[in-house]
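The block underneath contains the structure these notes are about, expressed in structure tokens.
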Number of protein chains: 2
Amino acid sequence: MNQHPEYLLNKIKSPADLKVLDLEEMKQLASEIRHLIIEKDAAVGGHLGPDLGIVELTIAYHYVFDAPGDKIIWDVSHQTYPHKMLTGRAYAWLDPEAYGKVTPYTNPDESPYDYYAVGHTSTSISLATGMAKARDLLGGSERIMAVIGDGSLTGGMAYEGLNNAALEKGNLVIVINDNQWSIDQNVGGLTTALKKLRDSQGQDPENPFKAFGFDYRYVADGNDLESMINAFSEIRDVDHPLVLHVNTLKGKGYQPAIEDEEKHHWVRPFNLSDDSPKNITAGPTPAEIAVKTVASAIDGGQENIMAITAAIPGVFGLDSFKESYPDHYVDVGIAEQDSVAFAAGFAKAGGQPVLFENSTFLQRAFDQLSHDVAANNLPVVMIVAGGGIQANSKTHVGVFDQVMVSNLPNWKYLAPTSLTEEAAMINWALKQKDGPVAIKLPVRPVPAGGAVLEGYRHIHYQKRRAGKKIAILALGDMQELSSQVAEELNAALYNPLSANILDTDCLDHLARHYQAVITLENNILDGGFGQKVAGYLADRPVLVKTFGEKREYTDVDQSYDQILVRNQLTAEQIVASVKQLFN
Amino acid sequence: MNQHPEYLLNKIKSPADLKVLDLEEMKQLASEIRHLIIEKDAAVGGHLGPDLGIVELTIAYHYVFDAPGDKIIWDVSHQTYPHKMLTGRAYAWLDPEAYGKVTPYTNPDESPYDYYAVGHTSTSISLATGMAKARDLLGGSERIMAVIGDGSLTGGMAYEGLNNAALEKGNLVIVINDNQWSIDQNVGGLTTALKKLRDSQGQDPENPFKAFGFDYRYVADGNDLESMINAFSEIRDVDHPLVLHVNTLKGKGYQPAIEDEEKHHWVRPFNLSDDSPKNITAGPTPAEIAVKTVASAIDGGQENIMAITAAIPGVFGLDSFKESYPDHYVDVGIAEQDSVAFAAGFAKAGGQPVLFENSTFLQRAFDQLSHDVAANNLPVVMIVAGGGIQANSKTHVGVFDQVMVSNLPNWKYLAPTSLTEEAAMINWALKQKDGPVAIKLPVRPVPAGGAVLEGYRHIHYQKRRAGKKIAILALGDMQELSSQVAEELNAALYNPLSANILDTDCLDHLARHYQAVITLENNILDGGFGQKVAGYLADRPVLVKTFGEKREYTDVDQSYDQILVRNQLTAEQIVASVKQLFN
């Protein structure tokens, strides 16, 4: 039920309804939008700071421009709650029962005002430039704008886009939403440059945008609605590329989000009374174990360790690590490519780098994983979070890092089945010098303890259960599910330890002594572990059956259970499917 | 035999020998080095312009600094012939019989003066920054320098590196070797910025490096040895990050390379008398067919086409296309990420982008191929050159693009077996709107003509030869080799058309009617076509045998034939291996 039937927002069905309001009414709207963002985020979580900061900019945009004919490309699109509310989707904030009915990022399937599914940073300038180029070739006249935060600007792709955009001949506006923070505190030379511009009200001559040839304007208070309307009106019909640098306050309207911006970039459900989180999970997480293991190695005397993150310390809880080990921590900003090559350089010079990456953003660094690390066979250690099937936006699925890393030469990709095994693998990886090692943190629940092998230089599959006819190889966090399956089928169960190093002695043994080998992995099947096993055993009579995800994007319209069912990944489905092999 | 026993260079066994020379002797050395570069390149080909331009900078470096204790990281390392000559490897230029004994890029296996195998652009700043960070943690005192060209600076990774390097606390020098050209003519906003700095002798206030917080110096003539020695001496012991902007002349010393820099960036063997190429290949190449097919589509009325390259028009011969179709051509510079996302934006706005990429550099754009193109299912067409096993430097092997693209959802990856089929596939791809299509240009020789299927929306394997017991699926340019194998084995032969869309009806048929299915692909086995077939057929009694490359880097120390033998990929080896299945 609509909790705010009295809100002016109820009358805004599209931006056309906004255009008839006066300034005071639009300020009222801004206040309502802010209240709704906080209210819904407190209940179900979501991005907070980025959305609170961009309310006025969004209202001004839809007041001045004519979407969806005019196009606005929101970088990452994690700041589009106000945009969604003004383009016919306010019901998903007004009515708690409809909270789940609108997706968290821009979504062309959801609205004609959204043009791309997007969730990674730094793409908006390239996308907008491509649209401007097509418009000019096809003779269109729509106005095109990219909106990008200062954090996203540290991604090299944004710079490639700027370099290219500077040469366009027609209308193209790049709004830099400078809220002085990315996910973590902003870092690097760009921060220096933007600060000089802010401090000089846009007048400092050391202006990298002007240096590139852009027309440039500065808005000192991007949270002042009138300033934003004036700024947009002035540049609405420019006939050339222009950078509009807007100073905004991330978290505006919610004091805790202003005081601790990092913690409030994205939030889990919290109590409005005191900002405390609801539903705290108990027990150590795989990420906590990883950080603790690395810290212990330093304590134990391995002083050459450097923990490296690309703007996601929060994913691992690296903040307290940073405080305790300031000399052993680097955040390179949103710059995954740099993080990996920087680690290669650090390793080459005798240091022991430990990359803390997450699966989906690591996609940016495929070339560096190959060219800089693998081709040079440097002992880089990489911890990967979020690698596995998840009910998430299709831009954020975690099923490609294993495909990327495990098909490259020299990389050893390990997947622990328990927290104890995770720590053992990290400890081993930190001591070896053979080459690069990636460790995939469990995404599904895994047990804390259990017997683990020590040393992973050679991979010997660990037998967990004896059985007949059928042998199951269950990678990483699929081990628990497989125990259940193995019981039902009276199958042998193995822990294969690695996604890409096959224990061929064991596989040869299985081929001789079993009728079927079953593989399970928390990954897509294409390019995965199961296909490697199938490829190896394909010229033997033994049957192989691979379980994993189909090669297709899932999205938030499917629950985790639905995704499992769709991919034949419940215990019942697996058991039934294996039994069919023998019919 | 040494062709120049009188050269002073014969006395230079290491940089120590250089340090005792006077300025005139070093100028003599520069002249000798230039002569040798031209002489060897004329005979066997290689990088030309970049090496001719960097002679004085290299001599000055080794005169002023103390390598290999001091570290110099050469971006791409295609400009390191002078460096190699001064660090004990001049014999590979002095003696034609030794021409092949030194590799074309930096190579740690070859010399302690080389630190990385490197061949892609824009990595040097990140690598150097990682080394500086390790030095400072471990208490070292070596001086660290990255040398990067203005072309490589357009890669976003270089900018990520700059952003990070700006914050370092110790000695770190980034030399920008500004020769005003990358592989093709330099493009974009950075060009504008660098030109302003050159025109003002480094004084223009719109200085992006100063904006980032770097100390900055300018050298007006980087080909003047004394200037370079003075510049390096002054900044040798800086205790902070510094950008040294050096203006050099690409191709200096060989007039044709100055007049047409693009053509002389990398050269095949040529006649010194008139710069004409030796050994011109006859008949159209796959690249020429691709460009011609796209041009014909525009001529035929498809006016919405845009050919997009990331600084490698020469790989495809796009220069004449650019002249004929200037409105249908964009070069985004060395910026593969941008090229792919720009194509996504162009497609979204109703245009038909055609990306011209090569396999090894495309590695930079994995995330964009997924996040921007595939997750949005946009009908981007991509032509991939160099995708296949080759005797090349390990940084340039072309066996990962198929792994990247073909394991992503929505992408259809086609592999033509003839030039006629290549044109048919491109024509079909340009007309369809289902989603993204990649087309892998043949690397091995393929026939010009032959019967082709029309339309590839659904993949139906094309039967080429009837046979018994054994069915061969030979992808793309492996078809010719397979014809020979099929004859010997009296096997059925199929053209599977696609690396990632399986014709499951046909595979089901093969599983019922044949005892073995053989796959061949010009790619690594891991994550490849054969493992998909093996995965699909693994739960049937039919045997599957996959042929392709092992998951390991090859390098220039192996010939193409040696690589084939090592991977069991000669016709004789394949026949023998298949026969063994039936023993």
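Name the one entry in A:VAL556, A:VAL544, A:VAL533, A:VAL565 that is assigned to a loop (DSSP other than H, G, I, E, B) and outside the structural domain of A:LYS101 (by TED's automatic domain parsing).
Exactly one residue qualifies, and that residue is A:VAL556.
Matching residues to (1) at the interface with chain A (Cβ under 7 Å from one of its Cβ atoms); (2) under 28 Å from A:THR191 (Cα atoms):
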| position | (1), (2) |
| --- | --- |
| B:THR103 | no, no |
| B:TYR113 | no, no |
| B:TYR116 | yes, no |
| B:ALA132 | no, yes |
| B:ILE148 | no, yes |
| B:GLY188 | yes, yes |
| B:THR192 | yes, yes |
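Determine whether B:ASP508 is more than 30 Å from B:MET306 (Cβ to Cβ), touching a Lys or Arg at 6+ places or on another chain (Cβ under 8 Å) and free of Cβ contacts under 8 Å to residues at least 12 places away in the same chain.
Criteria not met by B:ASP508.
In the range A:488-512, which residue that is out of contact with any Ser or Thr (no Cβ under 7 Å at 6 or more places or on another chain) and part of a strand (DSSP E or B) is surrounded by the most Cβ atoms within 10 Å (Cβ to Cβ)?
Residue satisfying both the conditions and the ranking: A:TYR494.
Tell me, please, whether a residue that is crowded, with 24+ Cβ neighbours inside 10 Å and over 20 Å from B:LEU525 (Cβ atoms) can be found in the range B:438-445.
yes
Scan the range B:513-548 for residues that are buried (at least 24 other Cβ atoms within 10 Å of the Cβ) and modelled with pLDDT under 95 and report the count.
The number of residues fulfilling the criteria is 0.
What are the residue pairs meeting all of these: first residue in the range A:316-341, first residue away from chain B (no Cβ under 14 Å), second residue of a type in the set (Ser, Thr, Tyr) and surrounded by fewer than 24 Cβ atoms within 10 Å (Cβ to Cβ), Cβ atoms under 6 Å, and 6 or more apart or on different chains?
A:LYS322/A:TYR329
Given the condition farther than 27 Å from B:LYS412 by Cβ and not in a helix (DSSP H, G or I), answer yes or no: does some residue in the range B:513-522 qualify?
For the range B:513-522, residues farther than 27 Å from B:LYS412 by Cβ and not in a helix (DSSP H, G or I): present.
Restricting the first residue to the range B:43-55 and requiring it to be part of a helix (DSSP H, G or I), which pairs with a second residue that is aliphatic (A, V, I, L, M) meet a Cβ separation below 7 Å and a spacing of at least six or different chains?
B:GLY49/B:ALA257; B:ASP51/B:ILE37; B:LEU52/B:ILE37; B:LEU52/B:ALA257; B:GLY53/B:LEU249; B:VAL55/B:ALA30; B:VAL55/B:ILE33
Within 30 Å of B:VAL330 (Cα to Cα), in the same structural domain as B:SER122 (by TED's automatic domain parsing) and not in a loop (DSSP other than H, G, I, E, B): does that describe B:MET228?
Taking the combined requirement at face value, the residue does not satisfy it.
A:SER483 versus (1) farther than 27 Å from A:ASN410 by Cα; (2) open to solvent by less than 10 Å² (accessible area, probe 1.4 Å); (3) free of Cβ contacts under 8 Å to residues at least 24 places away in the same chain: which is the lone unmet condition?
With (1) farther than 27 Å from A:ASN410 by Cα; (2) open to solvent by less than 10 Å² (accessible area, probe 1.4 Å); (3) free of Cβ contacts under 8 Å to residues at least 24 places away in the same chain applied to A:SER483, the lone miss is (2).
Counting only residues that are among the hydrophobic types (A, V, I, L, M, F, W, C) and either part of a helix (DSSP H, G or I) or open to solvent by 30 Å² or more (accessible area, probe 1.4 Å) (or both), which one in the range A:245-287 is modelled with the highest pLDDT?
Going through the qualifying residues, I end up with A:ALA287.
Which one of A:LEU525, A:LEU537, A:LEU520 is facing chain B (nearest Cβ under 8 Å), on the phi < 0 side of the Ramachandran plot, in contact with a Leu (Cβ under 9 Å, 6 or more places away or on another chain) and of a type in the set (A, V, I, L, M)?
Every option except A:LEU537 fails the conditions.
Right, B:PRO353: open to solvent by less than 10 Å² (accessible area, probe 1.4 Å), under 26 Å from A:ALA128 (Cβ atoms) and in a strand (DSSP E or B) or not?
So B:PRO353 fits the description; yes.
Is it true that some residue in the range B:218-234 is closer than 21 Å to A:ALA193 by Cβ, within 13 Å of another protein chain (Cβ to nearest Cβ) and touching a residue at least 12 places away in the same chain (Cβ under 8 Å)?
Scanning the range B:218-234 turns up no residue that is closer than 21 Å to A:ALA193 by Cβ, within 13 Å of another protein chain (Cβ to nearest Cβ) and touching a residue at least 12 places away in the same chain (Cβ under 8 Å).
I'd like the full set of residues that are part of a loop (DSSP other than H, G, I, E, B) and either more than 23 Å from B:LEU8 (Cα to Cα) or open to solvent by less than 10 Å² (accessible area, probe 1.4 Å) (or both), limited to the range B:57-78.
B:PHE65, B:GLY69, B:ASP70, B:ASP75, B:VAL76, B:SER77, B:HIS78
Quick one: which helices (runs of 4 or more DSSP H) lie wholly within the range B:85-165 and hold at least 2 residues that are open to solvent by 10 Å² or more (accessible area, probe 1.4 Å) and of a type in the set (D, E, K, R)?
Result: B:124-138.
The values are calculated or read from the model by the stated rules, or taken from the named source; none is laboratory data. From a predicted model like this one, the values you see are computed outputs, not experimental measurements. Please note: Cβ atoms are built from the backbone with ideal geometry, for glycine as well, and neighbour counts cover all protein chains shown. The accessibility values were calculated without ligands, DNA or RNA, using every heavy atom of the protein model including side chains. Shrake-Rupley method; radii C 1.70, N 1.55, O 1.52, S 1.80 Å.
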